[in-house]
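Everything on this sheet refers to the single structure shown next.
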Amino acid sequence: MPETGASSSAPLGQREAVARARVLLPLALDTPYDYAVPADISLAPGDFVTVPLGRRERVGCVWDGAATGEEIAAERLRKIHRKLPAPPIGENLRRFVEWVARYNCASVGAVLKMVMSAPDALESERPATGYTLVPSAKSPAKFQMTGTRKRVLAALADAPPLSAADLAREAGVSAGVIAGLASAGLIRPVSMASAPAPRQPDPHLHGPELSPDQRACADALVARVTAARYSVTLLDGVTGSGKTEVYLTAVAAALRQGKQVLVLVPEIALTAQWLARFEERFGAPPSQWHSDLTSAQRRRAWRAIASGQARVVVGARSALFLPFPDLGLIVVDEEHDASFKQEEGVIYQARDMAVVRANIEQIPIVLVSATPSLETFANVEQGRYTRLHLPDRFAGAKLPQIALIDMRQDRPPRQAWLSPTLSAAMSETLAAGEQALLFLNRRGFAPLTLCRHCGHRLQCPNCTAWLVDHRREGRLRCHHCGFYSAEPKVCPACATADAFAACGPGVERLAEEAQALFPAARIGIMTSDTLRGPGAAGDFIARIEAREFDIVIGTQVVAKGHHFPYLTLVGVVDGDLGLAGGDLRAAERTYQLLSQVAGRAGRAEHPGRVFIQTYMPENTVMQALLSGDRDRFYRAESDARRAHRMPPYGRLAAIIISGPAEDDVAAAARALARSAPNEPGMSVLGPAPAPLRRLANQYRWRLLVKADKDVNIQAAIRAWLPPAKSKGGLRVRIDIDPYSFL
Ligand code: ADP
Ligand code: ZN
């Protein structure tokens, strides 16, 4: 089959040849559908078209690859309506879509939908209209020159045409005022010359002078960019070693070669400092791609990327599916971060899929971390990835000293969570005019509220979960489904009034404790709740930099990548928290998170101290943090995983069955387990109710598929499970390489 979507076929006994095209629709479909191509449309694979489907019109993408299924008779084919003016998506992206679908047991159409993430970008841009003054126009009789009208005319005097929106903003008037002036003939609409091209990052500007270590790593990366072949490099360096400066050198090299660059980051909301640095380095900001974009921003960004105008894109995981025509480099910053795993819709691991995209595009990819994932660590050990190493902090800044506080000895007062050692360190830090960070990965005031009289625990009515007391909002909230309510007046179980007790600390409660200890200290709380809207994180971080807070109390959102020159003390309030659930990655993740938090301390000339409060100081994670011997910890973790043939030395897939009636869910789960394939090297564990047994009123049961590394787990699952169809409200989700076991 030639590489064209449209093909002529004239089966015997049929008079006319019909040009056909296969069109993939962004729906849960695994194959493209055949359509007839009208004579006046010429199509190539990757073109976007509108087609009839049932009684609706849909946008789809002309697809290539081997034909599947039986051919529909020519006379039954429906016709393509229209070709859209968007640039076609390239062959590499089409193959990537298929690869992601196959690997993650998702439908090709559902993956295509992630590519078509800005539907209105596919239509041509409406030419923008602006307004200009009509020279020497007289206002008609009875038309009063009010103050607002005068302001509009003044704004247009000696100025280029302005769009209605800009004009309204400039003059501080409503759109109606502008329409009124236009109908009075005082201003008139003109088509604006296409907007001036946005400033482009300039790859010829000089970055900072690199240290010899940094220089060596940067040179190696630049060589890989110049080679323009597939390669995977781990840029492994302690926090503050200048990894960002080093990979920006590679970004500059790719730009100089006329290539586009994609930088994936875990959470775009937390990149304000990164964006500022990028702009300083390159003289212009990168394009951004994340879920907070408005639909107009999304449309513009998508088109700029598809047309090649956008040269550098920084984005969250979904940016991986953008239609770069000219990609030359991918960087995955903080590659170990669990938020690269997409848990809804098409479930995929963006870091892993980024490596696949780099392979299909035949370009280099750089994975960046101070605490790489064990998957990446194993790939380096096995020689598949190359490692570049930055062992020291930049400019002689010292890595912080880490100390463990044994909470069995160093006990906080009753109903308090800060040990005497930690509060003493805080008072020293505050006395020196420096900042302290308290890290506690728990939002709200308290994670559990119970009745002192009967022991009843306040639970979410929709989920197997406690309600979290968010006292500043005056609400109890479920962190799983979004349910909230006021605290009940009496216990729902025993009707006793005023008997509720908050159990355990959240950041709000810790703030009360810290304020009581240090009444003069200015305390700021940073969590995903306190940061509302896209600019909020950047604003808060700027306030920390400006030393508006003496004590910052935060969840993992403060742990990520920020650089606070006056922050010299980090206190981890509950080092054991992440170890509790005990899933596959609990130790690895706790190590990564606590190293990152610790890395916030003493990044400038003032040395930093870190205290980790723990009830199990002998635990291997705590000992690894204390000794700083990361690789020894990683090797021990790797050995344990290898011994149990767990990832990355074995394969896992989770199958989650959910539905409104638990009996049906359980029956379906058991039926699936009975029909499990008898594949050598593969076993199916379960079914069992999920730890989060009920979520948003859906009951959930789980199966876990465990297989040797060389088993094609996807093929086995596809042959076993029918394509995901919901029957009687039952849903079956497949999670390849699961991160969540809830
Ligand atoms: P990492 O990403 O490894 O945590 P960064 O790239 O954020 O490290 O660097 C830490 C700090 O040191 C930043 O403020 C950065 O601007 C500064 N820095 C790193 N390398 C250099 C350099 N070669 N010249 C000047 N400043 C540097
Ligand atoms: Zn809930």
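The values are calculated or read from the model by the stated rules, or taken from the named source; none is laboratory data. Note that this is a predicted model, so its numbers are computed, not measured. Here Cβ is always computed from backbone atoms with ideal geometry, including for glycine, and neighbour counts include all displayed protein chains.
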Flagged in the stretch 136-152 as on the phi < 0 side of the Ramachandran plot, of a type in the set (Ser, Thr, Tyr) and outside any helix (DSSP H, G or I), in numbering order, are Ser139, Thr146
Picking from Val177, Val225, Val246, the residue that is assigned to a helix (DSSP H, G or I), surrounded by 16 or more Cβ atoms within 10 Å (Cβ to Cβ), touching a residue at least 12 places away in the same chain (Cβ under 8 Å) and in contact with a Lys or Arg (Cβ under 7 Å, 6 or more places away or on another chain) would be Val177
Q. Does Gln409 meet the test of being over 30 Å from Tyr566 (Cα atoms), among the polar types (S, T, N, Q) and away from ligand 1 (no atom under 16 Å from the Cβ)?
A. yes
Only one of (1) under 26 Å from Thr233 (Cα atoms); (2) among the charged types (D, E, K, R); (3) away from ligand 1 (no atom under 16 Å from the Cβ) does not apply to Glu334, and that is (3)
Exception for Gln200 within (1) within 16 Å of ligand 1 (Cβ to nearest atom); (2) in contact (Cβ under 8 Å) with a residue 60 or more places away in the chain; (3) within 23 Å of Ser287 (Cα to Cα) falls at (1)
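Results for (1) surrounded by fewer than 21 Cβ atoms within 10 Å (Cβ to Cβ); (2) outside any strand (DSSP E or B); (3) in contact with a His (Cβ under 6 Å, 6 or more places away or on another chain), shown as yes or no for each residue.
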| residue | (1), (2), (3) |
| --- | --- |
| Arg547 | yes, yes, no |
| Pro565 | yes, yes, no |
| Glu588 | no, yes, no |
| Leu594 | no, yes, no |
| Ala601 | no, yes, no |
| Ile612 | no, no, no |
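Would you point out the residue of the stretch 128-147, among those that are in contact with a strand residue (DSSP E or B) (Cβ under 7 Å, 6 or more places away or on another chain) and at pLDDT 80 or above, that is surrounded by the most Cβ atoms within 10 Å (Cβ to Cβ)?
Tyr131
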Looking at the structure I just gave you, is Ala155 loosely packed, with under 14 Cβ neighbours inside 10 Å, part of a helix (DSSP H, G or I) and either without any contact (Cβ under 8 Å) to a residue 40 or more places away in the chain or within 16 Å of ligand 2 (Cβ to nearest atom) (or both)? no
Result of the Cβ filter at 9 Å on the stretch 90-101, keeping first residues that are free of Cβ contacts under 8 Å to residues at least 60 places away in the same chain and partners that are surrounded by fewer than 19 Cβ atoms within 10 Å (Cβ to Cβ), at least 6 apart or interchain, is Arg94/Gly65; Glu98/Gly65
Q. When you look at Arg169, is it in a helix (DSSP H, G or I) and free of Cβ contacts under 8 Å to residues at least 60 places away in the same chain, yes or no?
A. yes
The condition of being under 23 Å from Ala715 (Cα atoms) and out of contact with any Lys or Arg (no Cβ under 8 Å at 6 or more places or on another chain) holds, among Leu122, Leu112, only for Leu112
